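Visitor: Quick one: this structure, given as structure tokens, is what I'll be asking you about.
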Amino acid sequence: MSDTRGNVIIRLTDVDKSFDDERVVKKLNLDVEEGEFLTMLGPSGCGKTTTLRMIAGFEVPTSGQIFLEGEDVDDKKPNERNVNTVFQNYALFPHMNVFDNIAFGLVEKKVKKDEIRSRVEEMIKLVQLDGMEKRMPAQMSGGQKQRVALARTMVMKPKILLLDEPTSAIDPIQESRLYQTFLHAAEGRTCIIITHRLGLAKIADKVIVLKEGRVVESGSHK
């Protein structure tokens, strides 16, 4: 996806995570290169989402270190990391329409209004939500909500994208179309995607398989 390969942008070193007495992630070591598209596979409960949340800053490792762009980020909050995340539950603001949900991050960063409108309109077209700008989340299907969540992430142009089952509510035909759009918009960015659908692994640069909190396989989809 990029010509910046060879630069490690995400590094996990001996990362452990426990909740009460349950050890969910066990001495996890992982390097992700800049511009790499990584797919993370594994059964429910294997530590995929917990790993993503630790990279994003929503969970703190019990032990070990996480480096983003060469910097130890253990003390950095999610909004202090150059990372954007899409979770399964969409996390849309119910009182905001489609346009305002997508624009939220840009407004918070005090981007100029004209640029906000231009970037949001571009993303609305990319995820095929034309004409739905004023629709509220309660008026939308699960698949439409996921597209809004994806657009809200992409509009920020983050260096690192983390996506947890971003197309779970979309049928396979829509999924294929959306991922072609996503790959175009994500060109040059580093992406980690959790999925249960093996078809997605075929378009990834690298696939890792987790089992019981450990990486048990790593390589191309082949």
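The values are calculated or read from the model by the stated rules, or taken from the named source; none is laboratory data. In this text the structure is predicted, and so the values were computed from the model without any measurement. Virtual Cβ from ideal backbone geometry, glycine too; neighbours counted across all protein chains shown. Please note that ligands, DNA and RNA were not included when accessible areas were found on the heavy atoms of the full protein model with its side chains. Shrake-Rupley method; radii C 1.70, N 1.55, O 1.52, S 1.80 Å.
Visitor: In the stretch 47-85, how many are assigned to a loop (DSSP other than H, G, I, E, B), small (Gly, Ala, Ser) and more than 25 Å from residue 150 (Cα to Cα)?
Guide: 1
Visitor: Which of the following residues is at pLDDT below 90 and at positive phi: 45, 57, 70?
Guide: The match here is 45.
Visitor: So which residues in the stretch 110-139 are over 18 Å from residue 186 (Cα atoms) and touching a residue at least 40 places away in the same chain (Cβ under 8 Å)?
Guide: Hits for the stretch 110-139 are 136, 137, 138.
Visitor: May I pose another question? Kindly evaluate residue 24 against the criterion of being open to solvent by less than 60 Å² (accessible area, probe 1.4 Å) and more than 26 Å from residue 149 (Cα to Cα).
Guide: It is true that residue 24 is open to solvent by less than 60 Å² (accessible area, probe 1.4 Å) and more than 26 Å from residue 149 (Cα to Cα).
Visitor: In addition: Restricting to helices (runs of 4 or more DSSP H) lying wholly in the stretch 94-176: which have 1 or more residues that are open to solvent by less than 20 Å² (accessible area, probe 1.4 Å) and modelled with pLDDT of 95 or more?
Guide: 98-108, 113-126
Visitor: Please determine whether any residue of the stretch 110-118 is more than 17 Å from the chain's Cα centre (by Cα) and under 24 Å from residue 37 (Cα atoms).
Guide: No; the residues of the stretch 110-118 include none that is more than 17 Å from the chain's Cα centre (by Cα) and under 24 Å from residue 37 (Cα atoms).
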